[in-house]
Amino acid sequence: MGQIVLLGDSIFDNGSYVEPGGATLDELKKRLPAGWKATLLAVDGSVTANVVPQLRQIPNSATHLVISSGGNDALQQQSLLYQQVETAGEAFYALGSAVCDFEDDYRELLQAALESGLPIIVCTIYNGNFTERDEQVVTSTALAPFNDAIIRTAWSAGIPIIDLRTVCDRPEHYANEIEPSTEGSARIAEAILKMVLRRTDAS
């Protein structure tokens with residue numbers, strides 16, 4: 001028996017973007033082994049700094065934590081994509097500076113999560129679903145360093161990673177440009193459960 005706690009943002013708290021019963025939490029509950037539970041603490045719109053307080057709400061019965069955070073941090077830096085610069089180097093510097101600040105927040109989040117003593121899984125930021133190819137290419141490229149920060153920070157802490165870029169990689173996996181659809185929720189739920197059960201069997 002186990003209890004999976006979902007922390008973070010609207011990757012998990014996406015009930016307002018899908019039909020009733022089609023959110024990530026719902027899809028996860030449908031797939032849980034008998035006797036298992038899933039709890040949603042993630043809040044739509046949360047940035048990484050907002051996830052630390054979510055950790056204080058973890059129930060004593062929790063056995064696994066899954067964190068999806070970073071997409072809104074990147075979204076807050078969207079203005080960088082339209083910033084006038086004279087060289088590519090200036091653009092890289094502006095993006096790199098934003099990522100450095102994000103990585104500090106993300107490292108603080110993982111350190112706080114590790115203090116729970118529970119097994120942790122983290123998710124990367126998926127690339128979204130933009131109708132214009134140019135916008136998709138630019139967005140995916142700009143997200144790459146944020147994802148690199150997540151992967152590097154999690155890897156150094158020995159935390160396994162679900163790469164949502166490979167989980168939600170088709171238009172039907174999205175309810176809009178940046179939120180998972182019911183089909184996307186199902187794929188995310190399947191990826192979470194597969195990794196949780198793998199960790200449980202290994203222990």
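Values quoted throughout were computed directly from the atomic coordinates according to the rules given, and no laboratory measurement underlies them. Bear in mind that the values here come from a model prediction, so they are computed numbers and not experimental data. Virtual Cβ from ideal backbone geometry, glycine too; neighbours counted across all protein chains shown.
Remarks
- Ala91 satisfies every condition listed in (1) within 14 Å of the chain's Cα centre (by Cα); (2) hydrophobic (A, V, I, L, M, F, W, C); (3) more than 29 Å from Ala191 (Cα to Cα) except (1).
- The set of residues in the stretch 1-14 that are of a type in the set (A, V, I, L, M) and surrounded by fewer than 20 Cβ atoms within 10 Å (Cβ to Cβ) contains only Met1.
- Qualifying residue in the stretch 50-68 (condition: crowded, with 17+ Cβ neighbours inside 10 Å, within 15 Å of Ile188 (Cβ to Cβ) and among the small types (Gly, Ala, Ser)): yes
- Count of residues meeting criterion [under 18 Å from Tyr126 (Cβ atoms) and without any contact (Cβ under 8 Å) to a residue 60 or more places away in the chain] in the stretch 26-54: 6
- Residue check, Ala175 more than 27 Å from Ala91 (Cα to Cα), surrounded by 15 or more Cβ atoms within 10 Å (Cβ to Cβ) and not acidic (Asp, Glu): yes
- Only residues that are in contact with a helix residue (DSSP H, G or I) (Cβ under 6 Å, 6 or more places away or on another chain) and crowded, with 18+ Cβ neighbours inside 10 Å were counted across the stretch 15-31, and they come to 6.
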